[in-house]
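Worksheet: one structure, shown below.
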Amino acid sequence: MGTRGWDWLGALRGEAETLRPFNWLLGLVLVAVTMAMAPSLVADAFPVIENDCSDDTITYYFDNSGSGGAWASWQKTAARGGFADWSGVLDWDGGTVVNSLVEVGGPGGGAVNVELDTSPGGNPGTLGYAECTGGATISLNPTLITQSLWMEHWARHEMGHLLGLEHTGNDDSQDGSVETMATCTSVDTVSPGLSQDDSGNITHKKGDLDPETIHANAGWEEGTTFWGYSNLAYVNLSTTNPADGARALEWRPVVPNGLIYQTMNYAAAGGFTIDARTNHRKLSSSPTSGLVTLQILVRQVTYASNPQCSYPTGKDQNDRIYVQESWTTVGVQTAAPTTQWAMLTESTPYTISSLWDAADIRVRVKSNVAYTSGSGMATIATDTTRARDQGF
């Protein structure tokens, strides 16, 4: 395989330990944004959408002139819900990542034409299609999308394309849920909302950090959504004295080295640097012993070929092959917490070999901090816990 470009937009994928079969009974494939708008591709790279539709403020209107006829009320309601999900993603400090998605009464002012089309993209077997040539358009197939949840999912998917996102795999890297921006799916495999990979994808694309945050919901502004926990006796969101934004996560291990974690996927090759950080403190002023530990872990993966649903390279991120199944720790930093916020950081260079297609990157925070009085484990607060890429 050749050297690949930096493509994070098509990179964030699932983490299922075994290959997941797909339902091809209907033979329905979600079609990407027209590839005429993508840059030239190098070997094994995935396409990045670069066009004038990728603004984070989009106006749209429901056009009744498509071949699918006029919009029914339930179709509009479902599509609005799918579009609005992108406006609900919050950055590390509580700001909205997508400024606004506004419905208007008709064309003009660069509004996106959202139409019902029985042959979107010229193919009657296509569920949805989005393009930015000759005016921005989202086309949804009413002969195939016949339920509200389906309409919401594909409206959300196609709007993701217009916001500048490419396809991801089918399984979310954190919990295995179906991703909105999955490469391909059938009408009985849809998502009820944005997955962690979807949220991390749009945050990375439009985030306000430099380099941008890679992990989703880094400041817990969206609750505890998307974060995993192990061996914790107590988890609480608090608005009292956060380090950044509006809230922080308070947690206490039930045994030493209880932890919080999140996993994302990288599809870039070559040398780059992963920069991880977390703000931390202990809640009680009582004497304690022990450390808070920040870790960066990596697991390399390859993709299989799938002629039914593949990128121009012939690779399908839905079919992941774990050649290296175990996690490798590539960076560790520790600190003894005080009652004041302190930043724990780790920066490590990492290279994905040309033998691999991508790597799963996990950021993990552990605590073995206990009260010296012998009364058990101490409660730790963390905020703005994330990994960032310094490679592009």
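The values are calculated or read from the model by the stated rules, or taken from the named source; none is laboratory data. All values reported here derive from a predicted model rather than from experimental measurement. Glycine gets a Cβ as well: all are built from the backbone with ideal geometry, and neighbour counts include every protein chain shown.
When the residues of the range 263-288 are filtered to those that are loosely packed, with under 15 Cβ neighbours inside 10 Å and at pLDDT 95 or above, the one that is nearest to THR302 (Cα to Cα) is SER284.
Any idea which residue in the range 184-223 is modelled with the highest pLDDT, counting only those that are in a loop (DSSP other than H, G, I, E, B) and hydroxyl-bearing (Ser, Thr, Tyr)? Among them, the one singled out is SER195.
To keep it simple, each residue is scored yes or no on (1) without any contact (Cβ under 8 Å) to a residue 24 or more places away in the chain; (2) in a helix (DSSP H, G or I); (3) loosely packed, with under 14 Cβ neighbours inside 10 Å.
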position	(1), (2), (3)
GLY106	no, no, yes
VAL114	no, no, no
THR118	no, no, no
GLY121	no, yes, no
PRO124	yes, no, yes
ALA130	no, no, no
SER139	no, no, no
LEU144	no, no, no
MET151	no, yes, no
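Taking the criterion of being farther than 27 Å from ASN236 by Cα and either in contact with a helix residue (DSSP H, G or I) (Cβ under 9 Å, 6 or more places away or on another chain) or not in a strand (DSSP E or B) (or both), the residues of the range 330-384 that qualify are SER353, SER354, LEU355, TRP356, ASP357.
If you filter the range 358-392 down to residues that are touching an Asp or Glu at 6+ places or on another chain (Cβ under 7 Å) and of a type in the set (Asp, Glu), you find that the one that is nearest to SER284 (Cα to Cα) is ASP383.
Please verify whether ASP93 is part of a helix (DSSP H, G or I) and of a type outside the set (Ser, Thr, Tyr), treating the condition exactly as stated. No.
So for the range 155-165 (the condition being outside any loop (DSSP other than H, G, I, E, B), of a type in the set (Gly, Ala, Ser) and not assigned by TED's automatic domain parsing to the domain that holds ASN279), does at least one residue qualify? Yes, that holds for at least one residue. Scanning the range 228-248 for residues that are in a strand (DSSP E or B) and either surrounded by fewer than 19 Cβ atoms within 10 Å (Cβ to Cβ) or touching a Leu at 6+ places or on another chain (Cβ under 6 Å) (or both) gives GLY228, TYR229, SER230, LEU232, ALA233, TYR234, VAL235, ASN236, LEU237, SER238. Pairs are defined by a Cβ separation below 9 Å, a sequence spacing of at least 6 or placement on different chains, a first member in the range 206-229 that is free of Cβ contacts under 8 Å to residues at least 24 places away in the same chain, and a second member that is aliphatic (A, V, I, L, M) and assigned to a strand (DSSP E or B); the pairs so defined are GLY223/LEU237. Residue count for the range 82-97 satisfying the condition of being under 25 Å from GLY66 (Cβ atoms) and crowded, with 19+ Cβ neighbours inside 10 Å: 4.
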